[in-house]
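The next block holds one structure in the form of structure tokens; read it before the comments.
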Amino acid sequence: MQEVRKLIKKIMVLTLSVMGGLVILSLVFLEEPLPMIQGLIFGTLLGGLNFYDLALTLEKASTMAPEKARGYATRKYMIRFVLMATALWVSIRGEHLHVLGTIAGLLLVKLVIYVTSLFNDRRYYINIFKRKEDK
């Protein structure tokens, strides 16, 4: 359980770091960066809450009976789905949020998870760069 908490913290810190980099890029390259920055912050916070809620759901569902766990996980999934749909709707309707910033923020947690998983496996890279003749 403690390992899961450490992993969640690591993912969230990396996500916030990447978001900070994207905010700096927005400040440098965009003429009006404020809506993009607000969209990034909004999307990243909701993506992080979604990730944390998913972790809590999996922890709790793993201690339940299979029938109850299935129903519980499905309910929580639908709540997260409605939350993401609402976030996108608010981003589309609101003029102070940039839609692409919100989408990028929502997907940022997933991107960080994929990249950290990819870079954690050194054997994968050794196999990629190994020549066929060396086998």
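The values are calculated or read from the model by the stated rules, or taken from the named source; none is laboratory data. Bear in mind that the values here come from a model prediction, so they are computed numbers and not experimental data. In this analysis, Cβ positions are derived from the backbone assuming ideal geometry, glycine residues included, and neighbour counts consider all displayed protein chains.
Hey, does region 18-33 have a residue that's free of Cβ contacts under 8 Å to residues at least 12 places away in the same chain and within 17 Å of the chain's Cα centre (by Cα)? Yes, region 18-33 contains a residue that is free of Cβ contacts under 8 Å to residues at least 12 places away in the same chain and within 17 Å of the chain's Cα centre (by Cα).
Among the criteria (1) within 12 Å of the chain's Cα centre (by Cα); (2) of a type in the set (D, E, K, R); (3) at pLDDT below 75, the one E133 does not fulfil is (1).
Select from region 31-44 the residues that are farther than 15 Å from A87 by Cβ, of a type in the set (A, V, I, L, M, F, W, C) and in contact with a helix residue (DSSP H, G or I) (Cβ under 6 Å, 6 or more places away or on another chain) and list them in ascending order. If the condition is that a residue be farther than 15 Å from A87 by Cβ, of a type in the set (A, V, I, L, M, F, W, C) and in contact with a helix residue (DSSP H, G or I) (Cβ under 6 Å, 6 or more places away or on another chain), then M36, I37 are the ones that fit.
All conditions in (1) within 14 Å of L106 (Cβ to Cβ); (2) at pLDDT below 95 hold for F81, with the sole exception of (2). Does G71 fit the bill of being within 19 Å of V112 (Cα to Cα) and either of a type outside the set (K, R) or part of a loop (DSSP other than H, G, I, E, B) (or both)? No. Can you name the residue in region 17-54 that is exposed (fewer than 15 other Cβ atoms within 10 Å of the Cβ) and aliphatic (A, V, I, L, M) and, of all such residues, is nearest to W89 (Cα to Cα)? Here the answer is L49. Residues in region 83-113 that are within 19 Å of L58 (Cβ to Cβ) and either surrounded by fewer than 16 Cβ atoms within 10 Å (Cβ to Cβ) or free of Cβ contacts under 8 Å to residues at least 60 places away in the same chain (or both): L83, M84, K110, I113. Applying the condition of being hydrophobic (A, V, I, L, M, F, W, C) and in contact with a helix residue (DSSP H, G or I) (Cβ under 7 Å, 6 or more places away or on another chain) to region 108-117 and asking which residue is modelled with the lowest pLDDT yields I113. Quick one: is Y72 modelled with pLDDT under 95 and either within 17 Å of the chain's Cα centre (by Cα) or surrounded by fewer than 16 Cβ atoms within 10 Å (Cβ to Cβ) (or both)? Against the criterion (modelled with pLDDT under 95 and either within 17 Å of the chain's Cα centre (by Cα) or surrounded by fewer than 16 Cβ atoms within 10 Å (Cβ to Cβ) (or both)), Y72 does not qualify.
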